[in-house]
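Worksheet for the structure shown next.
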């Protein structure tokens, strides 16, 4: 295949690059910034897409962030590609802080505050995932299903995370909208100016070439007329 990797990556390398990209998170952020600025759409639609992507990044919809961001951007009439790229805000570095703050705030809003460390939160995620997979396989093995860990996870982590992520998600999304909008407008205006200047220069070059051709034509006619006169004189 043309686009197949020459050296196949191992699962360990894939996991490591998910946590830390090959060029580093700084390079990845710069790349995403340039890609967002160069999207072929009006600035307000791109900024609305960024709003949707950032907002969804503060939710516990792991595995569905792309789908939720695209759906929210479509509802807001924003740029869907910008929404997908803006979910980059939620990454392995930021998720522990987002999750810890969201769960704590959600528990406080729901009336049962309790401090949970990021390690405890991800431990509950792992236990709930293991029990969910066990229940799926039990359909084929005949084992007794268990729901105690999933029940605990839902009310202790997931629901508080879902509720507590709304407020910081809105704050981050609004900040992303109003920060990105003037940057995108300035970039697009500068790009349009460069294109106009380039077009004007080409037209000027074409006009200069046409003028040279027109200037050369009378000289050729004069030379032809002189040759005719000489021929008539000889005759």
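When residues of segment 52-90 are filtered for being in a helix (DSSP H, G or I) and either without any contact (Cβ under 8 Å) to a residue 24 or more places away in the chain or in contact with a strand residue (DSSP E or B) (Cβ under 7 Å, 6 or more places away or on another chain) (or both), how many remain? Working first, answer last.
Step one: of segment 52-90, the residues in a helix (DSSP H, G or I) are 52-57, 65-75, 80-89.
Applying the additional criterion that residues be either without any contact (Cβ under 8 Å) to a residue 24 or more places away in the chain or in contact with a strand residue (DSSP E or B) (Cβ under 7 Å, 6 or more places away or on another chain) (or both) yields 66-72, 74-75.
Final tally of qualifying residues: 9.
Filtered by the rule that a residue be assigned to a loop (DSSP other than H, G, I, E, B) and in contact with a helix residue (DSSP H, G or I) (Cβ under 7 Å, 6 or more places away or on another chain), segment 92-103 gives 92, 93.
Please verify whether residue 190 is in a helix (DSSP H, G or I), out of contact with any helix residue (DSSP H, G or I) (no Cβ under 8 Å at 6 or more places or on another chain) and either free of Cβ contacts under 8 Å to residues at least 12 places away in the same chain or on the phi < 0 side of the Ramachandran plot (or both), treating the condition exactly as stated. Answer is yes for this residue. Residue 95 fulfils the conditions (1) at pLDDT 90 or above; (2) under 16 Å from residue 166 (Cα atoms) except for a single criterion, (1). In segment 95-113, the residue that is surrounded by the fewest Cβ atoms within 10 Å (Cβ to Cβ) out of those that are under 18 Å from residue 125 (Cβ atoms) and free of Cβ contacts under 8 Å to residues at least 24 places away in the same chain is 97. Do we have any residue at all in segment 154-177 that's out of contact with any strand residue (DSSP E or B) (no Cβ under 6 Å at 6 or more places or on another chain), over 26 Å from residue 53 (Cβ atoms) and modelled with pLDDT of 85 or more? Yes, there is a match, as at least one residue in segment 154-177 is out of contact with any strand residue (DSSP E or B) (no Cβ under 6 Å at 6 or more places or on another chain), over 26 Å from residue 53 (Cβ atoms) and modelled with pLDDT of 85 or more.
Yes/no per residue for (1) under 21 Å from residue 55 (Cα atoms); (2) free of Cβ contacts under 8 Å to residues at least 12 places away in the same chain; (3) touching a helix residue (DSSP H, G or I) at 6+ places or on another chain (Cβ under 7 Å):
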position	(1), (2), (3)
128	no, no, yes
142	no, yes, no
149	no, no, yes
152	no, no, no
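Note on segment 150-167: residues that are in a helix (DSSP H, G or I), within 22 Å of the chain's Cα centre (by Cα) and under 15 Å from residue 121 (Cβ atoms) total 0.
In the list 75, 50, 54, which residue meets the criterion of being at pLDDT 90 or above and loosely packed, with under 11 Cβ neighbours inside 10 Å? First the steps, then the outcome.
Values: 50 fails: loosely packed, with under 11 Cβ neighbours inside 10 Å; 54 fails: loosely packed, with under 11 Cβ neighbours inside 10 Å.
Testing whether each residue is at pLDDT 90 or above and loosely packed, with under 11 Cβ neighbours inside 10 Å leaves just 75.
The values are calculated or read from the model by the stated rules, or taken from the named source; none is laboratory data. Predicted model only: the values in this text are computed from it and were never measured. Please note: Cβ atoms are built from the backbone with ideal geometry, for glycine as well, and neighbour counts cover all protein chains shown.
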